[in-house]
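Chemist: First the structure, which I've put down as structure tokens, then a few questions once you've had a look.
Throughout, read-outs are computed from the coordinates displayed, never taken from laboratory work. Treat the numbers as computed from the prediction; the structure is a model and nothing was measured. Please note: Cβ atoms are built from the backbone with ideal geometry, for glycine as well, and neighbour counts cover all protein chains shown.
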Amino acid sequence: MQESDRKTVSILGATGSIGGSTVDLLQANPERFAVAALTGGRNAARLAELSLALRPDFVAIADPSRYGALKEALSGSGIEVAAGDEAVCEAAARPADWVMAAIVGCAGLLPTLTAVRRGATVALANKECLVSAGDIMMREVAAAGATLLPVDSEHNAIFQVFEQRRRDAIEKIVLTASGGPFRDASLTEMAGKSPAEAVAHPRWDMGAKISVDSATMMNKGLEVIEAAHLFALTEDRIDVLVHPESIVHSLVAYRDGSVLAQLGTPDMRTPISYALAWPERMQTNVRPLDLSEIATLTFSAPDTARFPALALAREALRSGGAMPAVLNAANEIAVEGFLSGNLGFTQIAELVEDVMEAADPSAPGSIDDVIELDLEIRGAAARRLARRATSGGSPPDTDSAIEIGAGRL
Ligand code: NDP
């Protein structure tokens, strides 16, 4: 294969969990892919290691205080190095056929949009940017002629079995949920759970924020909103089904009674590879699915009394306007508070609900409006969080707070 035949790829959020799975696929297929740009948030050592292995033209780290370490680690490599939020956007703007959008949280909004605006094929892992700015993002995708390929395993599954040309034959879609590590826990038990317990997901190995979202089932709520934008469906046509084995990744129910599903071993390399090779498929090293070994697949309805975050997300989607962005920003602060030991597990949804009840913003009309709203709601959520901590509404005793980029999520 000629150098020019290789697909050029950039990874936004290369140092994270999705970034790592993407790198794994690239390294297994060096003859098919060339790397244009990589980005990280704060982890300069990992970004340098990846850069030396993949040889991108350009590398950006969001936290300017990590620039020196990155620059030094890559000195003499010929790789261009930059730092700051603008540099991350510049990485997204660099010519690449395919861009993985895997920055966590609303921080991924502008970089993802930058790739969309130049008409790239964008593999979208960052669900928060569709939650906060779904209408605007989908308009930008259409205007730029960009291609958005869902990477989230549920949306990728639906994408694989959703017949776009026969939309009118589709009754509804069903997102499956593992139920997370506290699937069978009572609310009282959940109240005492520590960050370490919440991030220990039984099926998926993921970053800290999405692991906590999975434990509260906010993740499924964010995914309902994400699906509404990706597949242009109303909230009442998106069901959720708890499926602890995480083998059936999601389903599409047709009006004739047929239900089409995508199944596979729970491994993010499968949906990422689908997006990477699309519209073809590629070989992966994912463990083949052996249904005779698994033998039993179970399903149940979600319990919104124990997992109120799911109901809050549905409410935000039904309300529309600014409410999904409010939900997302409040949740990011609440998860940050929980991970740093300043909020109890069940208080995450309580804080989000409080912020939603108090918020009455008008619908954002532009990305700048979304960013402004996001900052404003984060401020409001952080103030409520501080008030809870000082008024005795503090979390249960935990010695396992997880250090995250405080103030940067
Ligand atoms: P991780 O926490 O593992 O990685 C997040 C990435 O974002 C890292 O590269 C991190 O850099 C970077 N980052 C963090 N803050 C900033 C910032 N302010 N500016 C620029 N970059 C930043 O998360 P995951 O890989 O688990 O998740 C990434 C996204 O994919 C999330 O939106 C998640 O919901 C979604 N997703 C993840 C799945 C999974 O299996 N992990 C499944 C489906 C969706 P650094 O580490 O260097 O600070």
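Chemist: Check residue 289: other-chain or 5+ apart residues with amide H under 5 Å from its amide H, H built from backbone geometry?
Modeler: 265
Chemist: Under 26 Å between alpha carbons: how many lysine pairs meet that in the range 57-212, if sequence neighbours fewer than 8 apart on the same chain are excluded? List each step's numbers first, then the result.
Modeler: Details: 127/172; 127/193; 127/209; 193/209.
Taking the range 57-212 as the scope, the lysine pair count is 4.
Chemist: Sticking with this structure for a sec: Can you list residues from other chains, or at least 5 along the same chain, whose modelled amide H is less than 5 Å from the amide H of residue 10?
Modeler: Under 5 Å from the amide H of residue 10: 36, 37, 98, 99, 100.
Chemist: Subtracting the Cα-Cα distance from 0.36 nm times the residue separation, let me have the gained length for residue 188 to residue 135 in nm, one decimal.
Modeler: Working: separation 53, 0.36 × 53 = 19.08 nm, distance 3.81 nm.
Fully extending the segment from residue 188 to residue 135 adds 15.3 nm.
Chemist: Along the Cα-to-Cβ line of residue 147, 7 Å from the Cα, sits a label point; which residues in the range 67-100 have backbone N less than 12 Å from it?
Modeler: Output list for this probe position: 97-99.
Chemist: A further question on this structure: Between residue 291 and residue 358, take the C-beta separation as r, use R0 = 35 Å, and let me know the FRET efficiency to the nearest 0.05. Could you put the intermediate results ahead of the total?
Modeler: Values: r = 48 Å, r/R0 = 1.39.
The computed FRET efficiency comes out at 0.10.
Chemist: log10 I(q)/I(0), Debye, Cα-only the range 254-337, no solvent, q = 0.17, 0.24, 0.26 Å⁻¹?
Modeler: -1.07, -1.04, -1.11
Chemist: While we're on this one: For the range 281-385, which chymotrypsin sites (Phe, Trp or Tyr not before Pro) are in a loop by DSSP, counting at most 14 other Cβ atoms within 10 Å? It would help to have the intermediate numbers written out before the result.
Modeler: Values: sites: 299, 338, 345; in loops: 299, 345.
In loop regions of the range 281-385 (DSSP not H, G, I, E or B), the sparsely surrounded chymotrypsin sites (Phe, Trp or Tyr not before Pro) are 299.
Chemist: Then there's this: Kirkwood hydrodynamic radius, the range 316-358, all distinct C-alpha pairs: what's the number in Å? Let's see the in-between values first.
Modeler: Working: mean 1/r = 0.0961 Å⁻¹.
10.4 Å is the Kirkwood radius here.
Chemist: So if I average 1/r over every pair of distinct C-alpha atoms in the chain and take the inverse, what Kirkwood radius in Å does that give?
Modeler: Values: mean 1/r = 0.0462 Å⁻¹.
That comes to 21.6 Å for the chain.
Chemist: Moving on. Which whole-number percentage describes the relative contact order of the chain, with Cα contacts under 8 Å and a sequence gap of 6 or more? Write out the running numbers ahead of the final one.
Modeler: Working: 762 pairs, mean separation 58.7, N = 409.
Relative contact order, the chain: 14 percent.
Chemist: Name the residues whose placed amide hydrogens come within less than 5 Å of the amide hydrogen of residue 83, ignoring near sequence neighbours (fewer than 5 apart) on the same chain.
Modeler: Distant-sequence amide H within range of residue 83: 61.
Chemist: Using the C-alpha gyration tensor of the range 180-320, what are the square roots of 5 times its eigenvalues, in whole angstrom, with the largest one first? Show your work: numbers first, answer last.
Modeler: Values: eigenvalues 127, 89, 50 Å².
Those come to 25, 21, 16 Å.
Chemist: So what's the back-of-envelope 222 nm ellipticity for the chain, counting only DSSP H runs of four-plus at -39500 (n - 2.57) apiece and dividing by all residues, rounded to 500?
Modeler: Values: 17 runs with 185 residues, N = 409.
Taking each H run of at least 4 residues, the total per residue is -13500 deg cm²/dmol.
Chemist: Within the chain, what percent of beta bridges assigned by DSSP are antiparallel, to the nearest 5?
Modeler: Details: 11 of 41 bridges.
Percentage antiparallel, nearest 5: 25.
Chemist: If R₀ is 51 angstrom, what is the calculated FRET efficiency for the pair residue 387 and residue 45, using the beta carbon separation as r and rounding to 0.05? Mind dumping the intermediate values first?
Modeler: Values: r = 37 Å, r/R0 = 0.74.
For residue 387 and residue 45, the calculated efficiency is 0.85.
Chemist: So, one more: Would you calculate the separation in nanometres between label points at residue 255 and residue 281, each defined as 7 Å from the Cα along the Cα-to-beta-carbon direction?
Modeler: Result for the modelled spin labels: 2.9 nm.
Chemist: Hey, could you grab the Kirkwood Rh for the range 3-149? Inverse mean 1/r over distinct alpha carbon pairs, Å, one decimal.
Modeler: Details: mean 1/r = 0.0670 Å⁻¹.
Result for the range 3-149, one decimal place: 14.9 Å.
Chemist: Here's a follow-up. Rounded to the nearest Å, what's the spacing between the alpha carbon centres of the range 228-248 and the range 1-78? Just the number, please.
Modeler: Spelled out, the Cα-based centre of one part sits 33 Å from the other.
Chemist: If you don't mind, another one. Starting from one equal scatterer on each C-alpha and no solvent at all, send me the Debye-based log10 I(q)/I(0) for the range 162-254 at q = 0.20 Å⁻¹, two decimals.
Modeler: -0.95
Chemist: Is the C-alpha gyration tensor of the range 63-143 telling us rounded, prolate or oblate? Criteria: a/c under 1.5 is rounded; beyond that, a/b larger than b/c is prolate, otherwise oblate. Please report the intermediate quantities before stating the final value.
Modeler: On the way: a/c = 2.88, a/b = 1.86, b/c = 1.55.
Because a/c hits 1.5 or more and a/b exceeds b/c, the range 63-143 counts as prolate.
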